[in-house]
Structure formats: C-alpha cells, structure tokens
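The values are calculated or read from the model by the stated rules, or taken from the named source; none is laboratory data. All values derive from a computational prediction rather than experimental measurement. In this analysis, Cβ positions are derived from the backbone assuming ideal geometry, glycine residues included, and neighbour counts consider all displayed protein chains.
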C-alpha cells in the first residue's frame, strides 16, 4: 500500500504541490487506517495534494483515486487530521485546504464552514486567481456529499453545478441527496447503540418519532445511559444533523411544491410514483396534499391512493399535478376540506382552502384606500411579490412588483404602508387567484371598514375568535352589509367544523 501511494504521489508531482501549500518539510498529522493501525504517511499526503491541486485551478472535480484512498482510512481520523493541518480550519489564512475540507469534511465541519465563510473575506489572504477564501468556498462546496452542502447549494442556486459534477440531474440530487435521510422502505432508520436499537420514523406532522426497541417505549432523544461514549456521540450527532436538515429539506420541498401548485406543473405518472412511493419523506409530504389526474382528485396514504369519497383510485399513465380549487368541483373541495379537518391534518400551504375568484367580479380598485403594511409584502418572492418600501429622512425606496400583474402602488400618510390603487392581472389563472387570495387576507380589516362584501370569500380562513373580531370592527365602522353577512356566516358555519386557519402550516 505504501509503495503504491508513494508512486501515485510522485506521479502527480506531489512535492511540488505540497510546496505550493507551504507544507513541504512540515510534519503532517498521523492518520489511522480503518483497523486502528497507523496509515502510511504517503497515503494521507496523496489525498492532501490530490485536492490541493484543485485550489490552483479553482475548477472543482472529484478525484476517484484520492476518494478510494480515503476509504482506507478511519473517517474520524481523516477529519481530525484535516482540521489539524488547516490550523483548526482557519480557511481565511489557509485557503488552499478548502477543496480538501469540502470534499471530506464531516457534517459538523461543513456546517462550521457555512456559518463562517462570509467572515473570511474580511481578513483572508488572496488565494488562487486572486480569489478570497469565501469565494473559493462557494466554488468548492459542491465537492461535499453532506446534507448541509446540498441545502446550502440549493439556497445559493448552485444545484445545477452540484449535479453536473456528479453526472446526474438536479431532480436526482433533490430525491437522492436532499430528501434522503436513510429511512428504509418501511420509513424507519435505526440507530444501533449496542444495548438497544432506536428506531426513528416520521410523524404525520413531519417530525421525528423515536422508539426504543429494548424498552418498547418512545424516547425524546438518543439515550446515553450505559452506551459506549463514542457510539453515543456519533448517534447523537447524526440524529441532531438529521433533525436539523429535515426541517430545511421539508421547507425547500414545500416551497417547490407551492411553485408547482401555482404554475400547474405536470409530472409524468411513472416519475411521480417513483418519487412519492419510494421516498418516505416525500411520501409523507404528498399525503397532506391533493393531486389530480385529469378530472380525478386523489390523495396518497402510504402506498394506497384514494378519492375524496374514500374509494380507491387506480393511477393511469396520464400526467399528475397538484389539484387546484379553480379546477375542482364544489363537492370535491368541500369533501377534501372536511377530510383534512376531521383528520386534524395541516397542509403545507393553502391548497384546498384557497378561495376561488370570478374574473368578472374582480375590480382593479379592490385595494384602493387599504393601507397595507409593507412587512406583509416583503419576503414574498415565492408568491412573485417583490417589495422594497422604506420611508426615512436619509433614504427612501418605493419598489413594488407582482409577477403576472400590472400594479400601481402609492405611498400613504403612514410610514412603511402602501396603497395598491390599481391591480390588473395579465391572465386569469392559478397565479392570479393566489395573489388575490393573499392580498384579500392581508387587507381584510380595511375592506371590512369599507363595507366591501368581497371579504366573505376569505372567511373560511379564519377562526371563530377572528370572525367575532371582524363583526366588532364592522359594527364600529357602520359597515352594515358586511356585519349582516358576517353574523349570518357565524351562525351557519361554526357548528360544523373549524375553518382553514387552524389547519394549515403557512
């Protein structure tokens, strides 16, 4: 082994690369093999220079021979050696180690780098091609196979580069990396502690449930008592990473599904089944949404598919998309609302609860005289709303845009509040319906005061307490039409089931 890697090290001019990294003649950390014995020095040096040369080119690539060499080592020992040689991961001072750390760094190390890299630009040395450490990290993080790196790349819009490096599609990265948490086909991941096995599964609320097979009881965390410290530390760290990354992955998937819902994205039936039947996380998410195939609407429950009337549904080869109330019958919408309510299930966004609007009933001045808090319009890019609205003595910014609409926004006599004097949709579609539903929700108080009867389209969103508050506001402002409608609505609807606001996550 030592001879083999000594020759490989020499073949890539290892000493020259080591010198460029200012490590020639420096005593490198000792690394252990998987069996606990000391690894040949040339083995670690080969891995080190293989990814060290990437620093000079700044073109990330996976080096199969170096990866193969790394599989011979104890992973914990390799991580410890990388941390030592890089000055406790002082990437600002030693940017040449960034590719190595990105490729082999543990989840904990990658998490640290992600939290720190923005600060590196303040004091880092210039690296290859005049780049600072923070820029080098953003280029090389695609080398990492960790969940943390995939989540980071998704947020930075770097998944195409991440996928391209591995010769796969972005969809493959989503399903096989971002949404893969080690669950088996039954939706269980096992942590073997020696004295007990902890089975981790997903609840309907997409939280983690832990079950101790030795005691037959639920536990809240990985038990420590009588467990080997190293085994406990690894299991505890892995579970913490799993829980944290799960929340991020669920948010990413829900945001993606929300966009699919708005756009009416269609999926090939075969691909849809491969995604949502096989992956336990995606299966759970799909089970709290309504899907459609042609005029049929259905929901997923494990590997079973059924309609709103509880009859089983057989999938065809027709394309599948997220169902929308605009395209559903009144009976279907009502049935699905009752299904989610009776099962106390929360949807990731307002799907079956989104009110349906009629184009001829919508007037461009619907929100005139409504003073909208700009806070409700900021950070709404997923809806296609872009708003930068600041009032100040030294700086002001009045920028407002809604994808798919012509909008005339104006300032009001109250700071950080704006009025949409006119709103005209370019097309009457899912996007238009969603935007109107959202604006209706955040302007409900002002429209009640205006005695605008269109507020009744939103009532299924609100609780009994909120409806009672609306009645009080209507009465105080002499909004006689809305008062009568609200009183009638309250009397007719709250004896049956609670409205949508109590049953959605968003």
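Side notes on the structure shown:
- Meets criteria (at pLDDT below 95, out of contact with any strand residue (DSSP E or B) (no Cβ under 7 Å at 6 or more places or on another chain) and buried (at least 16 other Cβ atoms within 10 Å of the Cβ)) for residue 361: no
- One residue stands out among those in the range 258-275 that are part of a helix (DSSP H, G or I) and more than 17 Å from the chain's Cα centre (by Cα): the one that is surrounded by the fewest Cβ atoms within 10 Å (Cβ to Cβ), which is 270.
- Lone unmet requirement of (1) part of a helix (DSSP H, G or I); (2) over 31 Å from the mean Cα position of the chain (by Cα); (3) surrounded by 15 or more Cβ atoms within 10 Å (Cβ to Cβ) for residue 65: (3)
- Any hit, the range 35-57, residues being at pLDDT 90 or above, part of a loop (DSSP other than H, G, I, E, B) and either within 23 Å of residue 133 (Cβ to Cβ) or under 38 Å from the mean Cα position of the chain (by Cα) (or both): no
- Taken together, 145, 255, 204 contain a single residue that is under 30 Å from residue 323 (Cα atoms), touching a residue at least 24 places away in the same chain (Cβ under 8 Å) and assigned to a loop (DSSP other than H, G, I, E, B), which is 204.
- Being touching a strand residue (DSSP E or B) at 6+ places or on another chain (Cβ under 6 Å) and farther than 28 Å from residue 264 by Cβ is a description that does not apply to residue 407.
- Within the range 277-286, the set of residues being surrounded by 15 or more Cβ atoms within 10 Å (Cβ to Cβ) and farther than 13 Å from residue 321 by Cβ comprises 277, 279, 280, 281, 282, 283, 284, 285.
- Enumeration of residues in the range 363-386 that are under 17 Å from residue 431 (Cβ atoms) and outside any loop (DSSP other than H, G, I, E, B): 381, 382, 383, 385, 386
- Every residue from the range 175-187 that is surrounded by 14 or more Cβ atoms within 10 Å (Cβ to Cβ) and in contact (Cβ under 8 Å) with a residue 60 or more places away in the chain: 175, 178, 179, 180, 181, 183, 187
- Some residue of the range 367-379 being without any contact (Cβ under 8 Å) to a residue 40 or more places away in the chain and under 29 Å from the mean Cα position of the chain (by Cα): yes
- Some residue of the range 79-92 being in contact with a strand residue (DSSP E or B) (Cβ under 8 Å, 6 or more places away or on another chain), surrounded by fewer than 20 Cβ atoms within 10 Å (Cβ to Cβ) and part of a helix (DSSP H, G or I): no
- For the range 387-404, the candidate set comprises residues that are in contact with a strand residue (DSSP E or B) (Cβ under 7 Å, 6 or more places away or on another chain) and in a loop (DSSP other than H, G, I, E, B); within that set, the residue that is farthest from residue 429 (Cα to Cα) is 396.
- Enumeration of residues in the range 18-41 that are without any contact (Cβ under 8 Å) to a residue 12 or more places away in the chain and either at negative phi or touching a helix residue (DSSP H, G or I) at 6+ places or on another chain (Cβ under 7 Å) (or both): 19, 24, 26, 27, 35, 37, 38
- The criterion of at least 2 residues that are within 22 Å of residue 327 (Cα to Cα) and within 28 Å of the chain's Cα centre (by Cα) is met, among helices (runs of 4 or more DSSP H) falling completely within the range 429-482, by 430-442.
- Of the strands (runs of 3 or more DSSP E) entirely within the range 283-362, those holding at least 2 residues that are over 19 Å from residue 430 (Cα atoms) occupy 296-301, 304-306.
- Set side by side, the residues 249, 240, 235 differ, and just one is touching a strand residue (DSSP E or B) at 6+ places or on another chain (Cβ under 6 Å), in a helix (DSSP H, G or I) and farther than 29 Å from residue 330 by Cβ, which is 235.
- Every listed requirement among (1) closer than 25 Å to residue 288 by Cβ; (2) at pLDDT 90 or above; (3) surrounded by fewer than 13 Cβ atoms within 10 Å (Cβ to Cβ) is met by residue 427 save one, (1).
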